[in-house]
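The values are calculated or read from the model by the stated rules, or taken from the named source; none is laboratory data. In this text, all values refer to a predicted model and were calculated from it rather than measured experimentally. When we count neighbours, we look across all protein chains shown, and the Cβ atoms used for this are built from the backbone with ideal geometry, even at glycine. Please note that ligands, DNA and RNA were not included when accessible areas were found on the heavy atoms of the full protein model with its side chains. Shrake-Rupley method; radii C 1.70, N 1.55, O 1.52, S 1.80 Å.
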Amino acid sequence: MGFAPELPHALVRPAGPEDDGVVGEHDEDQEHGVEPARPPLTAARAREMTAWLREAMDDVRRSVAVLAARVRDAHAARVWAPLGYSSWESYCGTEFGISRAQAYRLLDVARALAAIDDAVAAGPGLSRVRDTGSAGAAALDYGLSQRALVDVSSRSGDVAELITRRLATLAHSGLQALDEPTVRAVVRQAVRDIRTAPPPPPAEPPAGPTVAALRRVVDDLAASTHAIGELMLEVAPAYLSDIEAADVLALLCDQIGEPLEHGLAARRYAMSGDRRALHGTVL
């Protein structure tokens with residue numbers, strides 16, 4: 001998942017003769033020249049540089065949230081009309097120098113993030129600040145990249161439904177406080193699951209009665225396994241890795257007589273909705 005959002009063309013420094021994207025003689029000289037000796041990097045210095053890099057990445061992700069909130073509000077207010085533009089795309093093209101595709105990509109990001117924010121706001125015991133100031137920007141910050149939001153923009157309803165269900169499961173289980181880090185982790189995991197889940201399969205032609213009966217059996221088994229997976233998620237929430245979940249679920253699976261591999265597979269299926277998570281275990 002990419003970290004840096006695509007910046008409008010107008011915000012990028014124009015290339016000049018010294019920066020035309022073509023390797024020239026000067027670049028070749030630098031490539032073949034001997035670099036000056038550098039002192040060895042200490043572990044402390046490397047850790048400091050890593051912290052700076054992490055802070056910069058966090059700043060980029062926060063900027064995506066701010067940009068999405070402001071795009072949403074500007075588009076809802078039809079900001080282009082009072083300025084004499086005929087459409088959103090012409091407004092973005094003239095004011096910011098971005099293409100039609102980029103203009104509508106910004107709307108995709110804004111709508112996906114709005115759907116996520118609405119799902120979180122509707123969660124049990126949660127309230128969200130909804131304005132365009134700094135508080136609103138903070139409320140929208142889940143650490144998601146622009147690329148991730150574009151990828152799920154066409155399935156924002158699925159993302160919202162998954163977030164709502166998982167937050168409700170956590171709240172009802174009472175095993176995990178719905179604090180900001182937990183909500184953030186649930187949102188990020190839901191987006192990741194929807195991004196990696198395959199699209200719905202195409203409709204298949206009618207099958208014979210025997211095949212249809214077998215499909216019903218498999219569908220029933222998958223449905224019951226999904227229900228088991230949701231119960232597993234109550235004990236081992238979605239933001240835990242498989243290794244962490246295994247430590248939590250080992251005793252539970254032993255008590256109910258279910259192999260741990262089956263419990264983990266059911267949990268993965270409940271998170272992703274992809275039956276391939278059950279191959280080699282339940283199915």
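Kindly report, to the nearest 10 Å², the accessible surface of Glu180 as traced by a 1.4 Å probe over protein heavy atoms only.
Per-residue accessible area (Glu180): approximately 140 Å².
Can you work out ³J(HN,Hα) from phi for every residue in region 76-81, in order, using Karplus 6.51 cos²θ - 1.76 cosθ + 1.60 and θ = phi - 60°, giving whole Hz and x for Gly and Pro?
4, 7, 6, 4, 6, 4
Could you derive backbone 3J(HN,Hα) for region 227-241 from the dihedral phi with the Karplus parameters 6.51, -1.76 and 1.60 (θ = phi - 60°), listing whole Hz in sequence and x where the residue is Gly or Pro?
Karplus values, whole Hz, x for Gly and Pro: 5, 4, x, 5, 5, 4, 5, 5, 8, 10, x, 5, 7, 7, 6.
What FRET efficiency comes out for Leu260 versus Val211 if R0 is 41 angstrom and r is the Cβ-Cβ distance? Round to the nearest 0.05. Spell out each step's value before the answer.
Values: r = 33 Å, r/R0 = 0.79.
For R0 = 41 Å, the calculated efficiency reads 0.80.
What do you reckon, how do Arg62, Arg267, Arg72, Arg111 stack up by accessible area (1.4 Å probe), largest on top?
On the way: Arg62 100, Arg267 0, Arg72 55, Arg111 135 Å².
From most accessible down to least: Arg111, Arg62, Arg72, Arg267.
Report ³J(HN,Hα) in whole Hz for each residue of region 263-268, in order, from the Karplus equation J = 6.51 cos²θ - 1.76 cosθ + 1.60 where θ = phi - 60°; Gly and Pro get x.
Computed from phi, the couplings for region 263-268 are x, 5, 5, 4, 5, 4 Hz.
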